[in-house]
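Working notes for the structure below.
The values are calculated or read from the model by the stated rules, or taken from the named source; none is laboratory data. These figures come from a predicted structure and were not determined experimentally. Methodologically, a virtual Cβ is constructed for each residue, glycine included, from the backbone with ideal geometry; neighbour enumeration extends over all protein chains shown. Just the protein is used for accessible areas: all its heavy atoms, side chains included, with ligands, DNA and RNA removed. Shrake-Rupley method; radii C 1.70, N 1.55, O 1.52, S 1.80 Å.
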Amino acid sequence: MIEILQPGILTSVQDLGRPGHRQLGINPGGALNCLALSAANLLVGNDMEAAGLEITMGACEMRFTTDTRIALGGDDFDARLDGKSITPYWSVPVLAGQTLKLAHAGPNATQGMRTYLAIAGGINVPQVLGSRSTDLKANFGGHEGRALRKGDCLPQGPASIAIAGPAFGVRSPAWSGVGTQTQDSSKLIHLRVLPGPEFEQFTVAAKNALWLDKWRITPNSNRMGYRLDGPELKRKQNRDLLSHGVVPGVIQVPPSGQPIILMGDAQTTGGYPKIGVVIQADMWKLAQAPLNAQLQLQPCDLEQALHAWEEQQAYLNSIRETLAALDWSRATQYKK
């Protein structure tokens with residue numbers, strides 16, 4: 001059982017989402033950074049689909065009421081277990097009564113945006129439409145269909161590994177080079193984008209600006225969409241479009257000319273022109289990008305997008321295969 005002592009700005013139960021219900025107007029939702037949650041789940045012996053916690057901007061504290069094992073994936077919010085530092089992408093044994101505390105992201109959010117907590121056995125809240133994710137907009141799934149509050153207690157499922165084994169870690173996606181660019185820095189995040197169905201409806205100046213200018217993530221962003229600030233993107237002719245289906249990663253351009261990148265909790269249909277789509281393999285970088293971060297969008301084709309996805313799956317497979325062969329008694333002791 002996990003007892004929430006401080007929920008922070010926004011902490012919710014999430015898994016890999018509930019695809020297959022868009023015809024009902026239900027978005028897939030789930031963890032915005034599926035790569036981080038999947039890796040953390042593997043590190044505690046769970047299936048990648050197990051439910052964990054998505055913690056936004058840190059400032060969260062919780063107590064474990066039973067012996068277990070945990071791993072964090074995503075951004076580093078100076079997590080401490082009874083005062084001892086825990087690094088993301090490490091699998092760490094936990095004793096009953098120990099407290100995990102994450103620091104606040106701070107005014108400049110230099111630590112990033114989100115981190116994910118996986119616990120051995122997963123968070124065992126009831127499934128709704130095949131998922132344990134919280135739909136924060138429709139108020140169902142997760143824990144009582146809402147963000148976590150102080151005093152909430154979350155059940156966990158049975159662990160499939162030796163939870164008392166020594167701590168060990170793996171390379172993070174960024175350290176492993178998954179989807180990162182040599183010119184990536186904390187101040188500029190590169191995202192690969194497929195041209196959208198209405199790309200050719202935009203002026204030459206708008207198309208050049210999309211690829212060449214830098215785009216700032218505005219504070220008016222959330223799990224539904226990231227609103228960007230930059231040069232105005234104009235179409236050759238302004239005309240209405242029929243509403244059409246949209247998916248996470250789609251870059252819509254409303255009449256203001258300032259694009260919006262749709263995220264996991266976005267609506268299922270929309271009527272704004274789609275100038276591009278962020279490839280799925282790069283959505284984890286966007287999920288962790290702090291507010292006011294600068295984005296550089298780069299054109300790519302379908303073959304490159306599929307290769308990037310295969311590269312990401314190879315990273316997760318390498319963790320799975322390593323753990324399958326792991327002799328826990330010989331794992332490196334956690335000494336940080």
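Considering region 181-208, the residues that are basic (Lys, Arg) and not in a strand (DSSP E or B) include one that is modelled with the lowest pLDDT, namely Lys187. Of all the residues in region 265-312, those that are open to solvent by less than 20 Å² (accessible area, probe 1.4 Å), in a loop (DSSP other than H, G, I, E, B), out of contact with any Lys or Arg (no Cβ under 6 Å at 6 or more places or on another chain) and not aliphatic (A, V, I, L, M) number 1. Among the residues that make up region 126-139, is at least one of them more than 21 Å from Ala96 (Cβ to Cβ), open to solvent by 50 Å² or more (accessible area, probe 1.4 Å), small (Gly, Ala, Ser) and free of Cβ contacts under 8 Å to residues at least 24 places away in the same chain? No, there is no match, as no residue in region 126-139 is more than 21 Å from Ala96 (Cβ to Cβ), open to solvent by 50 Å² or more (accessible area, probe 1.4 Å), small (Gly, Ala, Ser) and free of Cβ contacts under 8 Å to residues at least 24 places away in the same chain.
Filtering region 56-77 to residues that are in contact with a Lys or Arg (Cβ under 9 Å, 6 or more places away or on another chain) and open to solvent by 40 Å² or more (accessible area, probe 1.4 Å) leaves only Glu61. Residue count for region 1-52 under the criterion of being in a helix (DSSP H, G or I) and without any contact (Cβ under 8 Å) to a residue 40 or more places away in the chain: the result is 2.
Looking at region 234-264 only, could you name the residues that are crowded, with 19+ Cβ neighbours inside 10 Å and touching a strand residue (DSSP E or B) at 6+ places or on another chain (Cβ under 7 Å)? Passing the criteria: Val246, Pro248, Gly249, Val250, Ile251, Gln252, Val253, Pro259, Ile260, Ile261, Leu262, Met263.
When Pro231 is tested against (1) under 24 Å from Pro28 (Cα atoms); (2) in a loop (DSSP other than H, G, I, E, B); (3) open to solvent by less than 50 Å² (accessible area, probe 1.4 Å); (4) not charged (D, E, K, R), just one condition goes unmet, and that condition is (1).
Within region 313-328, being open to solvent by less than 60 Å² (accessible area, probe 1.4 Å), among the small types (Gly, Ala, Ser) and farther than 30 Å from Gly276 by Cβ holds for one residue alone: Ser318. Among residues of region 140-168 being under 20 Å from the mean Cα position of the chain (by Cα) and part of a loop (DSSP other than H, G, I, E, B), the one that is nearest to Asn27 (Cα to Cα) is Gly141.
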